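The values are calculated or read from the model by the stated rules, or taken from the named source; none is laboratory data. Everything quoted here is computed from the prediction, not taken from an experiment. All Cβ positions, even for glycine, are placed from backbone atoms using ideal geometry, and neighbour counts span all protein chains on display. We work out accessible area using only protein heavy atoms, side chains counted, and drop any ligands, DNA or RNA first. Shrake-Rupley method; radii C 1.70, N 1.55, O 1.52, S 1.80 Å.
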Amino acid sequence: MKKYHSIKELMEMAEEAQVSPGIIACKLEAELSNRSYEDVWQQMEQTIPVFMKSIRHGLGDKKKSSSGLVGGDARRLYDKEPLLLGRLAKRAAVYAVATAEANAKMMCIVACPTAGSCGIVPAVVAAVGEHIGAKREDYTRALFTAGAIGHVVAENACIAGAVGGCQAECGTAAGMAAAAAIDLLGGTTEQMKNAIALALKNLLGLACDPVAGLVEVPCVKRNGFEAVHTLVAVEMAMAGIQSQIPVDEVIQAMDEIGKLMPASIRETSLAGLAMTETGQKIAQQMSENHK
């Protein structure tokens, strides 16, 4: 089968075959890797327990990370009755923070697309899946759809904070999660394209400025925010709201913005939050502790 190099091409292939983009992604991966469709499907299916385990472990371990900067906030949010957020949105935020905290504590996670943005896809997929009573095959298909979106972004722009800022990490993750959620909800490819575009374009220009060079502040809580951000994009797209800028052009814009960003806000910790008075004090303390 032919390869896809844009979201437009991927969605057209899915429409023509009358299947989810995730099915297209699985078939293509099987063909390119010279493996059976069933083998590739099963490999993706095996990531689901890892996602769930990282959420569970992140929630269950209230200890601080070795730096002392993060830890216990997922549980704190989980234990508090929601004041403003709906239960689904709050659950997504909790799951995202829990996964990101698990990463900060060196627990097992799935980088999707990166470790720094590891909480967004599993949080959205798990929260939406639980809400609708999704089956294992639904989760697997949705994750293939998410992976296909990440593949296109990686090919046409970037997914690394060091290359394109946090828009490349959390932005891509939000787009991937939005596509997966639309897939779970049985939405159309048109709704999927709009959800990805809405999620990604509203994170354009997001700096990557980790305090003390650690993927903890602001990264952990940012995962929670972007999980909820993703749900807003999905809600809009499912309501028929469209992005005036097509999704592939949004990805192109992200690439251009990333190239325009100074190195100081691309994971070098030389500007932004990392260089605030408090950020520098934390970095100095971390340095002294490791002497």
- Message: Distance cut-off 28 Å, Cα to Cα: go down the list K135/K193; K2/K259; K53/K201 and report the pairs above it.
- Response: K2/K259; K53/K201
- Viscosity 0.692 mPa s, 37 °C: Kirkwood-radius Stokes-Einstein D of segment 52-205 over Cα pairs, µm²/s: 210
- Task: Could you do me a favour and compute the accessible area per residue for segment 100-218, 1.4 Å probe, result in Å²?
- Result: 28
- Output ordering of 118-124, 19-25 (per-residue mean of other Cβ within 10 Å, highest first) is 118-124, 19-25
- Degrees, to the nearest 10: 21-32 long Cα axis against longest axis of the chain: 90
- Query: Looking at segment 146-236, which trypsin sites (Lys or Arg not before Pro) are in a loop (DSSP not H, G, I, E or B) and have at most 11 other Cβ atoms within 10 Å?
  - Reply: none
- How big is the gap, in Å, between the Cα center of segment 126-149 and the Cα center of segment 210-229? 23
- No other cysteine beta carbon under 4.7 Å away is the test; run it over the chain and list who passes. C26, C108, C112, C118, C158, C170, C219
- Message: Considering only protein heavy atoms and a probe of 1.4 Å, how much of the accessible area of the chain is carbon and sulfur, as a whole percent?
- Response: 54
- Using alpha carbons only, how many degrees (0 to 90, rounded to 10) separate the axis of helix 7-17 from the longest principal axis of the chain? 40
- Just read off the accessible area of D79 with the full protein assembly in place, 1.4 Å probe, to the nearest 10 Å². 100
- Message: Need the C-alpha centroid separation for segment 164-196 versus segment 101-119, integer Å.
- Response: 19
- Highest mean packing first, using Cβ neighbours within 10 angstrom, the peptides 110-116, 180-186 sort as 180-186, 110-116
- Task: Please go through segment 39-117 and write out the trypsin sites (Lys or Arg not before Pro) that DSSP classes as loop and that have at most 11 other C-beta atoms within 10 Å.
- Result: K63, K80
- Message: With Rg/Rh (Cα atoms, Kirkwood Rh) as the read-out, I listed (1) 1.04; (2) 0.97; (3) 1.25; which label goes with the value calculated from this structure?
- Response: (2)
- Item | Crossing angle, helix 277-289 versus the chain [Cα axis fit, 0-90 degrees, rounded to tens] | 80
